[in-house]
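First the structure, in the form of structure tokens, and then the observations on it.
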Amino acid sequence: MKRSERRTLVLNASYEPMAVISSRRALLLVLNEKAAVLAESDRLVHSAGRVYTEPDVVLLRQFIRVPRKSVPMTRRAVLELYDYTCAYCFKHGNTIDHVIPRARGGTNTWGNVVVACTKCNCKKADRLLSELGWKLPFELREPAPSVATLISKRWKRPAWAEYTEPWAKASVLELAG
Ligand SMILES: [Zn+2]
């Protein structure tokens with residue numbers, strides 16, 4: 001990873017994921033006591049004769065109010081939000097399931113879609129979860145802008161996982177590095 005590409009996840013004081021910024025900028029937030037380190041990386045940086053460890057995850061000391069915009073719901077955005085994981089068996093999934101089936105009046109909105117594997121999707125068909133005795137392992141919600149981009153491939157670091165799982169409170173805005 002090039003130095004300019006190192007990224008740190010920033011959590012709001014409420015622990016909600018809030019932004020992904022350059023690790024250099026994140027380190028400055030820590031040095032200026034605006035943020036605390038929750039997870040360190042194994043990357044060292046040398047600055048002014050000192051050695052610092054770049055943070056993987058930082059927590060802002062003060063809560064910042066983040067305005068919410070709605071995110072267009074696309075197949076890809078749903079798959080990425082839930083990391084291609086079937087909501088019912090946790091195996092790899094690449095189909096979209098309407099929790100309340102469309103045939104039963106379910107809407108095509110963030111509040112009613114999850115990822116399902118083909119097997120679970122077929123089994124579920126036009127039935128309600130209560131009819132199958134199934135339960136969702138998390139609350140459905142609409143992601144904030146860029147949550148899909150953030151959680152997916154490019155910047156993702158192992159230390160972020162516990163803070164960016166969809167059932168953790170996810171409201172992420174990607175800020176310029
Ligand atoms: Zn499944």
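The values are calculated or read from the model by the stated rules, or taken from the named source; none is laboratory data. Since the structure is predicted, the reported quantities are computational estimates derived from the model, not experimental observations. Reconstructed Cβ throughout: ideal geometry from the backbone, glycine too, with neighbour counts over all protein chains shown. Accessible surface areas use protein heavy atoms only, side chains included; no ligands, DNA or RNA. Shrake-Rupley method; radii C 1.70, N 1.55, O 1.52, S 1.80 Å.
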Extension gain, Leu136 back to Val45 (0.36 nm per residue minus Cα-Cα distance, nm): 28.4 nm
Can you give the FRET efficiency to the nearest 0.05 for Leu38 and Lys119, using r as the Cβ-Cβ distance and R₀ = 41 Å? 0.65
Return the whole-Å distance between the Cα centroid of segment 24-50 and the Cα centroid of segment 119-134. 48
Would you mind working out the accessible area per residue for segment 75-132, using a 1.4 Å probe, and quoting it in Å²? 52
Using 12 Å as the cut-off for backbone N distance, which residues of segment 13-35 belong to the label zone defined by a point 7 Å from the Cα of Arg61 along Cα→Cβ? 29-35
FRET efficiency, 1/(1 + (r/R0)^6) with R0 22 Å, evaluated for Arg127 and Arg75 via beta carbons: 0.50
Taking amide H positions as placed 1.01 Å from N in the peptide plane, with prolines and chain starts having none, which residues 5 or more places from Leu38, or on another chain, fall under 5 Å of its amide H? Val57, Val58, Leu59
